[in-house]
1. Once both axes come from the Cα atoms, what is the angle between helix 25-35 and the longest principal axis of the chain, in degrees from 0 to 90, rounded to 10?
2. Could you order peptides 71-79, 4-12, 49-57 by the average number of other Cβ atoms within 10 Å of their residues, highest first?
3. Based on DSSP H runs of at least 4 residues, each adding -39500 (n - 2.57), what is the mean residue ellipticity at 222 nm of the chain after dividing by all its residues, to the nearest 500 deg cm²/dmol?
4. For Kirkwood radius over Cα pairs in Å, several values are listed as (1) 16.9; (2) 16.0; (3) 16.5; flag the one computed from this structure.
5. Measure nothing fancy, just the Cα-based angle from helix 90-100's long axis to the longest principal axis of the chain, in degrees from 0 to 90, nearest 10.
6. Suppose each label sits 7 Å from its Cα in the direction of the beta carbon; what would the residue 34-residue 72 distance come out to in nanometres?
7. At a threshold of 8 angstrom on Cα-Cα distance, excluding pairs fewer than six apart, so keeping six or more, what relative contact order does the chain reach in percent?
8. Against the longest alpha carbon principal axis of the chain, how many degrees, from 0 to 90 and to the nearest 10, is the axis of helix 119-143 turned?
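Just so it is clear, none of the values below were taken in a lab; they were calculated from the coordinates. Since we're looking at a predicted model, the values are computed, not measured. Cβ atoms come from the backbone with ideal geometry, glycine included; neighbour counts cover every protein chain shown.
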């Protein structure tokens, strides 16, 4: 059963993009746009304080008429945060995302976030696993 760490080991290495509790919503939104991502772990020092998502922008900033240039991320981020350990099976993350209606889960090791897993990552991992199974079955049938 594939785990978060086995997926991260096989995927292209990418740095963890994050924001700080004191950053403005405008800065965080620009960061998400620049990196083409839908969520940022919010750090207080090197510790996870929350998660800031596209949904937070819509529900807690736009819908409430807040000024993104002056609103701090810490005022509108989501807490508590559903997290995963590096050894967590990918199937567990899919279940957590489905049940909590979320699309991103920070991966935390020794209390510090090291990666972010998205529903897109899980879909990619599942498609890769299905491709491997298909190739193995094709090879088996060809041998016979």
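1. 30 degrees
2. Highest-to-lowest ranking by the protection proxy: 49-57, 71-79, 4-12.
3. After summing the helix terms and dividing by residue count, I get -12500 deg cm²/dmol.
4. Of the labelled values, this structure produces (3).
5. With rounding to tens, the tilt is 40 degrees.
6. Here the modelled spin labels are 2.1 nm apart.
7. The normalised contact order for the chain reaches 24 percent.
8. Roughly 10 degrees between the two axes.
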